[in-house]
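Engineer: The structure that follows is given in the form of C-alpha cells.
The values are calculated or read from the model by the stated rules, or taken from the named source; none is laboratory data. Treat the numbers as computed from the prediction; the structure is a model and nothing was measured. Don't worry about glycine lacking a Cβ; one is built from the backbone with ideal geometry, like all the others, and counts go over all protein chains shown. To get the accessible areas, we keep the full protein, side chains included, count just its heavy atoms, and leave off ligands, DNA and RNA. Shrake-Rupley method; radii C 1.70, N 1.55, O 1.52, S 1.80 Å.
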Amino acid sequence: MKEAVGVCIGASTISFVKVTRSNDGTIAIDSVSRIPHNGSPKSVLSTHFPSFNRNALSTVVTGR
C-alpha cells in the first residue's frame, strides 16, 4: 500500500487530500481538508500541513 498527499493552493482556500493506492492499484481518498487562507496561504500551510502530513508522505503541490 502506498500513500501520498496532494495540496492545492487556490485563490481563497488551500485543499489537502490524502490518498492510498492498494496493492491491486485501486486508489482511494482517505481524507480531505479545505481551509480558507484569507490572503495568507503561507500561514495556513505552515500551520496545517505538518499535522495533515504527519508521516512525511510524498507530496504534490498545485495551484494558481
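Engineer: Counting only heavy atoms of protein chains, what accessible area per residue, in Å², does the chain have with a probe of 1.4 Å? It would help to have the intermediate numbers written out before the result.
Structural biologist: Numbers: 4440 Å² over 64 residues.
With all protein chains present, the chain gives 69 Å² per residue.
Engineer: At 222 nm, what helix-only mean residue ellipticity would the chain give, in deg cm²/dmol to the nearest 500, using -39500 (n - 2.57) for each DSSP H run of four or more?
Structural biologist: Working: 1 runs with 12 residues, N = 64.
Per the formula, -6000 deg cm²/dmol.
Engineer: Now for a separate question. So what's the net charge close to residue 14: Lys and Arg +1, Asp and Glu -1, counting the other residues with Cβ under 13 Å from its Cβ?
Structural biologist: Values: positive: 34, 42, 64; negative: none.
That sum, taken over residues with Cβ under 13 Å, equals +3.
Engineer: I'd like the orientation of helix 41-52 relative to the chain: the angle between its Cα long axis and the longest Cα principal axis, in ° from 0 to 90, rounded to 10.
Structural biologist: That works out to roughly 30 degrees.
Engineer: Now for a separate question. Carbon and sulfur together cover what percent of the accessible area of the chain at a 1.4 Å probe radius?
Structural biologist: Working: 2350 of 4440 Å².
C and S atoms contribute 53 percent here.
Engineer: Tell me, Kirkwood radius of the chain from alpha-carbon pair distances, in Å?
Structural biologist: On the way: mean 1/r = 0.0819 Å⁻¹.
Here the Kirkwood hydrodynamic radius works out to 12.2 Å.
Engineer: Could I ask something else about it? In percent, how large is the relative contact order of the chain, given Cα pairs closer than 8 Å and 6 or more residues apart?
Structural biologist: Contact order relative to length: 40 percent.
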